[in-house]
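*Asks:* Please see the structure below; I have some questions.
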Amino acid sequence: MSNPSPSQALRVCSWCLVVVVVEVLLYVSYRSHDARFHWLTHFLAGASTALVLMAAWTWFRRRPAPFPLVWVVVAHLFAMVPDLLFRAGVAHEWWMDLFLLHIRSHFVPGRNLTWLVVFGFALTAYLVTVDRRARSSDPARMAPA
Amino acid sequence: MVPTRRALVTVWLAAVVAMGAVLVVSRSTQTPGDDVDPARQRPGILDLGPLPVAAPTELADVLAPGQPTVVFFAGSQAADLCAELPDAGLDGVALVVVATGADACRPGVGVLGSSGREAAEAFGLPSRRDGGIPVGYVIVDSAGQIRYRTLDPSVVGLLDEVATMVDAL
């Protein structure tokens, strides 16, 4: 595979920048110094879910998922819906675990370290799927040398 | 176009190292006044873990029977807390401040003049990371049951959260 052109690289970087800005805003939406724990839990849970879905998408479509960072942000937003509701004056309830185990996700043994491991496995699953499944149908692979 | 295998490995390493760094930063920003277990601090849900449990009978005289009560453990923030409580949106709720030097809260707010360590233990408030005098609050419902308890070193600036939790009773 040839190196990406400058325009491709810029396009990727612009997506990264948008995602970073969105995540900073989500982080700021938590108001106190202990917020990082909650932000990180829901980011890792959301990102892990997104990566598993992206792996499934790649498996069936035989190409990498488009806009991967958008999948991650959307899943993170979904996971933290109860926290947005809390800012609006709605206390948490157990049914809010529908949002990617919003409450129980904080209480897994090992806390966020466990979620980091889950994230690592989910990322591995996605990248391996991209490598094996998408590469098998990559036209560039079929091109003559 | 499918990325090279080296690019995929680079992505994996960059993402995991970055998130690991965020994890380390999130742990390093905990303060001595925070809960040993960050999951228990400001969880935002009633009846977590062993709750509800009956409020300690030896402190029954600071509670208001038939009315929800919020017991604040103010530590050294008593003066600031007392100044904010009238505008905290906690009408119809009995308020108790446990702290030395909380006389400025009177009238209208019950005051238990002690450091709060023994009362905090009686209410089952979690321990601070440094073992110091806890800052946080306990919500007791009108039936005398403890429904919510948390450390919150920033409670003075987050009184609207207290009102949210009281509304959920």
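The values are calculated or read from the model by the stated rules, or taken from the named source; none is laboratory data. Being a predicted model, the structure only gives us computed values, none of them experimental. As a convention, Cβ positions derive from the backbone with ideal geometry for all residues, glycine included, and neighbour counts pool all protein chains shown. Just so you know, the surface numbers come from the protein's heavy atoms only, side chains and all, with ligands and any DNA or RNA stripped out. Shrake-Rupley method; radii C 1.70, N 1.55, O 1.52, S 1.80 Å.
Listed here are the residues, each with its yes/no results for (1) farther than 29 Å from A:Arg87 by Cβ; (2) in contact with a helix residue (DSSP H, G or I) (Cβ under 6 Å, 6 or more places away or on another chain).
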position	(1), (2)
B:Ala60	yes, no
B:Leu81	no, yes
B:Gly89	no, yes
B:Ser114	yes, no
B:Arg117	yes, no
B:Asp130	yes, no
B:Val135	no, yes
B:Glu161	no, no
B:Met165	no, no
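*Asks:* Scan segment B:3-55 residue by residue and report those that are of a type in the set (D, E, K, R) and in contact (Cβ under 8 Å) with a residue 24 or more places away in the chain.
*Replies:* Those that are of a type in the set (D, E, K, R) and in contact (Cβ under 8 Å) with a residue 24 or more places away in the chain: B:Asp34, B:Asp35, B:Asp37, B:Arg40, B:Arg42, B:Asp47.
*Asks:* While we're here: Could you count how many residues in segment A:118-145 are modelled with pLDDT of 70 or more and surrounded by 14 or more Cβ atoms within 10 Å (Cβ to Cβ)?
*Replies:* So the answer is 16.
*Asks:* Additional query: A:Gly46 versus (1) at pLDDT below 90; (2) open to solvent by less than 80 Å² (accessible area, probe 1.4 Å): which is the lone unmet condition?
*Replies:* If we test A:Gly46 against (1) at pLDDT below 90; (2) open to solvent by less than 80 Å² (accessible area, probe 1.4 Å), just (1) comes out false.
*Asks:* How many residues does segment A:41-68 hold that are out of contact with any Lys or Arg (no Cβ under 8 Å at 6 or more places or on another chain), within 11 Å of another protein chain (Cβ to nearest Cβ) and over 18 Å from A:Leu98 (Cα atoms)?
*Replies:* 4
*Asks:* Given the criteria in contact (Cβ under 8 Å) with a residue 12 or more places away in the chain, within 15 Å of B:Ser154 (Cα to Cα) and open to solvent by 60 Å² or more (accessible area, probe 1.4 Å), does B:Asp80 qualify?
*Replies:* Yes: the conditions hold for B:Asp80.
*Asks:* I need a count of the residues in segment B:26-70 that are part of a strand (DSSP E or B) and open to solvent by less than 60 Å² (accessible area, probe 1.4 Å).
*Replies:* The number of residues fulfilling the criteria is 5.
*Asks:* A further question follows. Scan segment B:129-157 residue by residue and report those that are over 11 Å from the mean Cα position of the chain (by Cα) and of a type in the set (Lys, Arg).
*Replies:* B:Arg129, B:Arg147
*Asks:* Could we say that B:Asp167 is more than 14 Å from chain A (Cβ to nearest Cβ), over 23 Å from B:Asp103 (Cα atoms), open to solvent by 10 Å² or more (accessible area, probe 1.4 Å) and among the charged types (D, E, K, R) here?
*Replies:* So B:Asp167 does not fit the description; no.
*Asks:* Every residue in segment B:96-143 that is open to solvent by less than 40 Å² (accessible area, probe 1.4 Å), more than 19 Å from B:Thr31 (Cα to Cα) and of a type in the set (Val, Ile, Thr), please.
*Replies:* B:Val96, B:Val97, B:Val98, B:Val109, B:Val111, B:Val138, B:Ile139, B:Val140
*Asks:* Here is a follow-up. Kindly evaluate A:Trp115 against the criterion of being more than 12 Å from chain B (Cβ to nearest Cβ) and under 22 Å from B:Leu8 (Cα atoms). Even if it seems obvious, please write down each step before you answer.
*Replies:* Values: more than 12 Å from chain B (Cβ to nearest Cβ): no; under 22 Å from B:Leu8 (Cα atoms): yes.
For A:Trp115, the condition - more than 12 Å from chain B (Cβ to nearest Cβ) and under 22 Å from B:Leu8 (Cα atoms) - is not met.
*Asks:* Tally up the residues in segment B:10-26 that are more than 7 Å from every other protein chain (Cβ to nearest Cβ) and either touching a Gly at 6+ places or on another chain (Cβ under 9 Å) or polar (S, T, N, Q) (or both), please.
*Replies:* Number satisfying all stated conditions: 1.
*Asks:* Give A:Gly110, A:Gly89 a once-over and let me know the one that is exposed (fewer than 14 other Cβ atoms within 10 Å of the Cβ) and at the interface with chain B (Cβ under 7 Å from one of its Cβ atoms).
*Replies:* Working: A:Gly110 fails: at the interface with chain B (Cβ under 7 Å from one of its Cβ atoms).
One residue alone meets the criteria, A:Gly89.
*Asks:* Pairs only if they're at least six apart or on different chains, beta carbon under 6 angstrom, first in segment A:109-130 and free of Cβ contacts under 8 Å to residues at least 60 places away in the same chain, second open to solvent by 40 Å² or more (accessible area, probe 1.4 Å); list them, first residue then second.
*Replies:* Close Cβ pairs (under 6 Å, with a partner that is open to solvent by 40 Å² or more (accessible area, probe 1.4 Å)) amount to A:Leu127/B:Trp12.
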